[in-house]
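Asker: This is the structure I have questions about; it appears just below.
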Amino acid sequence: MKILAVEFSSQERSVAVVQGGRGSTPLLLGRAAETSGLRSLGLVEEALQCARCQREEIQAIAVGLGPGSYTGIRGAIALAQGWQLGRGVGLMGLGSVECLAAQAAEEKMFGPVNLIIDAQRAEFYLARYEISPGAWREREGLRLASFSEIESLARRGERLLGPGASQWFASAQNLFPDAAVLGSLACARPDFTPGEKLEPIYLRETAFKKAPPPRTLS
């Protein structure tokens, strides 16, 4: 199976084409990142060209659901939904935090880690994992945490990893979710979903303020 993986949840967006399936070792065929100056569809085209793969050869699309950039994740979901409508491909969504944990294992960042992602409003998304060779285990599920809580983790010398994490905490290490890893994770997953079921991971309740009715000028 050839999978197009789209990871737009951070400022380092990427797209990858990965081939594989359950029981087989995933093979990266091509990858494109926003550092090349391309965006969205341009990244898709570059990844396909790198993989020497035609659009009609893609059998499934994996989308990073965040948390992270709400606009980026929504854009990735819209791209996947449009592709499914046009080509009938399978879709699956994976948490970008799981992607980060898998990357930490690949990069040999072993031991307990705190994965942090900027949630705005002086808060962070926080998930805690135990990383070991070729594996990762969730110690504490994803939740919102205050800046002061993350700061206290840093003061205690705990390992902090995440997109752009070093800009807030000097001891933190930057780690961005990558489409190549996302695609590899998707190869072992059978849980396809209809496009309308894909939703960003967003821990806050969505609240809208109703605009006042228009004034009538006499």
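The values are calculated or read from the model by the stated rules, or taken from the named source; none is laboratory data. Model, not experiment: these values are computed from the prediction. Note: ideal-geometry Cβ built from the backbone for every residue, glycine included; neighbour counts use all protein chains shown.
Asker: Out of PHE192, PHE176, I need the residue that is part of a loop (DSSP other than H, G, I, E, B) and modelled with pLDDT under 95. Which one?
Answerer: PHE192
Asker: Right, another one. For ALA102, state whether it is hydrophobic (A, V, I, L, M, F, W, C), in a helix (DSSP H, G or I), touching a helix residue (DSSP H, G or I) at 6+ places or on another chain (Cβ under 6 Å) and touching a residue at least 12 places away in the same chain (Cβ under 8 Å).
Answerer: Considered against the rule, which asks whether it is hydrophobic (A, V, I, L, M, F, W, C), in a helix (DSSP H, G or I), touching a helix residue (DSSP H, G or I) at 6+ places or on another chain (Cβ under 6 Å) and touching a residue at least 12 places away in the same chain (Cβ under 8 Å), ALA102 comes out as yes.
Asker: Also, quick follow-up: Report yes if ALA154 is crowded, with 21+ Cβ neighbours inside 10 Å, modelled with pLDDT of 95 or more and either assigned by TED's automatic domain parsing to the domain that holds VAL18 or not basic (Lys, Arg) (or both), otherwise no.
Answerer: In short, no.
Asker: Let me ask another. Would a scan of segment 74-85 turn up a residue that is more than 17 Å from the chain's Cα centre (by Cα), of a type outside the set (S, T, N, Q) and surrounded by fewer than 20 Cβ atoms within 10 Å (Cβ to Cβ)? Give the derivation first.
Answerer: Step one: filter segment 74-85 for residues more than 17 Å from the chain's Cα centre (by Cα), giving 82-85.
With the extra rule that they be of a type outside the set (S, T, N, Q), the set shrinks to 82-83, 85.
Pick out the ones that are also surrounded by fewer than 20 Cβ atoms within 10 Å (Cβ to Cβ) and you get 82, 85.
There is at least one residue in segment 74-85 that is more than 17 Å from the chain's Cα centre (by Cα), of a type outside the set (S, T, N, Q) and surrounded by fewer than 20 Cβ atoms within 10 Å (Cβ to Cβ).
Asker: Collect the residues in segment 125-137 that are surrounded by 14 or more Cβ atoms within 10 Å (Cβ to Cβ) and either farther than 18 Å from SER10 by Cβ or without any contact (Cβ under 8 Å) to a residue 40 or more places away in the chain (or both), keeping them in residue-number order.
Answerer: Once the filter is applied, which keeps residues that are surrounded by 14 or more Cβ atoms within 10 Å (Cβ to Cβ) and either farther than 18 Å from SER10 by Cβ or without any contact (Cβ under 8 Å) to a residue 40 or more places away in the chain (or both), segment 125-137 yields LEU126, ALA127, ARG128, TYR129, GLU130, ILE131, TRP136.
Asker: Those residues that are among the small types (Gly, Ala, Ser), on the phi < 0 side of the Ramachandran plot, out of contact with any helix residue (DSSP H, G or I) (no Cβ under 6 Å at 6 or more places or on another chain) and buried (at least 16 other Cβ atoms within 10 Å of the Cβ), I need them from segment 163-177; list them, please. Give the steps one after another, and end with the answer.
Answerer: Our first condition is that a residue be among the small types (Gly, Ala, Ser); within segment 163-177, this holds for 164-166, 170-172.
This time we only want the ones that are on the phi < 0 side of the Ramachandran plot, so: 165-166, 170-172.
Applying the additional criterion that residues be out of contact with any helix residue (DSSP H, G or I) (no Cβ under 6 Å at 6 or more places or on another chain) yields 165-166, 170.
Once the filter is applied, which keeps residues that are among the small types (Gly, Ala, Ser), on the phi < 0 side of the Ramachandran plot, out of contact with any helix residue (DSSP H, G or I) (no Cβ under 6 Å at 6 or more places or on another chain) and buried (at least 16 other Cβ atoms within 10 Å of the Cβ), segment 163-177 yields only ALA165.
Asker: What's the total number of residues in segment 135-173 that are over 17 Å from the mean Cα position of the chain (by Cα) and assigned to a helix (DSSP H, G or I)?
Answerer: Final tally of qualifying residues: 11.
Asker: Quick one: what pairs do we get from segment 158-175, first residue acidic (Asp, Glu), second not in a loop (DSSP other than H, G, I, E, B), C-beta under 8 Å, 6+ apart or different chains?
Answerer: From residues that are acidic (Asp, Glu), the pairs are GLU158/PRO112; GLU158/ASN114.
Asker: Tell me whether segment 77-90 contains one or more residues that are assigned to a strand (DSSP E or B) and within 18 Å of ASP191 (Cβ to Cβ). Give the steps one after another, and end with the answer.
Answerer: Within segment 77-90, the first condition is being assigned to a strand (DSSP E or B), and the residues that meet it are 90.
Now restrict to residues that are within 18 Å of ASP191 (Cβ to Cβ): 90.
The answer is yes, given that some residue of segment 77-90 is assigned to a strand (DSSP E or B) and within 18 Å of ASP191 (Cβ to Cβ).
Asker: Which one is nearest to THR193 (Cα to Cα), of the residues in segment 35-84 that are of a type in the set (Ser, Thr, Tyr) and free of Cβ contacts under 8 Å to residues at least 12 places away in the same chain?
Answerer: Top of the filtered list is THR71.
Asker: Oh, and also: Assigned by TED's automatic domain parsing to the domain that holds SER132 and modelled with pLDDT under 95: does that describe GLN11?
Answerer: Against the criterion (assigned by TED's automatic domain parsing to the domain that holds SER132 and modelled with pLDDT under 95), GLN11 does not qualify.
Asker: Turning to a different aspect of this structure: Report, by residue number, each residue of segment 4-19 that is part of a strand (DSSP E or B) and surrounded by fewer than 24 Cβ atoms within 10 Å (Cβ to Cβ). Spell out the reasoning first.
Answerer: Taking segment 4-19 and keeping what is part of a strand (DSSP E or B), we get 4-7, 14-19.
Hit for segment 4-19 is GLN19, nothing else.
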